[in-house]
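Beneath this line is the structure, given in structure tokens, with notes to follow.
We did not get these values from a lab; they are worked out from the coordinates using the rules stated. Treat the numbers as computed from the prediction; the structure is a model and nothing was measured. Neighbour counts run over all protein chains shown; Cβ positions are idealised from the backbone, glycine included.
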Amino acid sequence: MMMPGSIRAAKPETFTLERDYDHPVSLLFWAFTNLEAKRAWYGGEGTWEVTKHTMDFEVGGWEHWRGRPNADAPWMTNDGLYLDILPDERIIHQYNMTMDGRLFTVSQQVLEFSARGAGSHLKLVEQILFIDGVDHLEDRIGGTRDMMDKLDAYLNTVPENVK
């Protein structure tokens, strides 16, 4: 249901972020494929109220997440579909986000992993559609950077026997 004066549109945007990590590509890639690892850095656990985070990491598999930053905030969902997976090289997925049950973004994201010395490099390219007047590109870029920071902090806690 649209509110009076609401904008009906799907506004496309694209952004790219790159980051180096002091960890091998295999560990960086693993952090995207292992549900327990991803829960630790991705979904706000410990700071958000997360009621669901499931993942079937295979081509055609789904990832579902539901949470909110506090009891007064609206519920958000992130439902993604894995389109292409090349171990230690690339993940392509699409995902839809809702807030209080209303679709507000649709995205396709490409994650490219490569070695950089003893560490690794991650290149993230996202094509996003902001739906019906929701246009918060800088917020999405900032949130994605924050997740990349949390990923780095998490990788620094992984025991040596996992590395």
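Brief remarks on what is shown
- Seen from all directions on average, segment 42-87 presents a Cα convex hull projection of 3.5 nm².
- Each of Tyr154, Gly61, Ser26 was placed along the dipole of the chain (beta-carbon charges, centred on the mean Cα), and the one lying farthest toward the positive end is Gly61.
- Residue by residue, segment 90-104 carries 3J(HN,Hα) couplings of 7, 10, 10, 9, 10, 8, 10, 10, 10, 10, 6, x, 9, 4, 10 Hz when phi is fed to the Karplus relation 6.51 cos²θ - 1.76 cosθ + 1.60 (θ = phi - 60°); x denotes Gly or Pro.
- DSSP loop GluC sites (Glu not before Pro) with at most 14 other Cβ within 10 Å excluded, longest remaining stretch of the chain: 90-159
- Estimated dipole of segment 10-155 in Debye, rounded to 20 [Cβ of Lys and Arg +1, of Asp and Glu -1, Cα centre]: 100 debye
- Gap separating the Cα centres of segment 27-82 and segment 95-163, nearest whole Å: 11 Å
- Normalised by residue count, the chain yields a Cα convex hull volume of 115 Å³ per residue.
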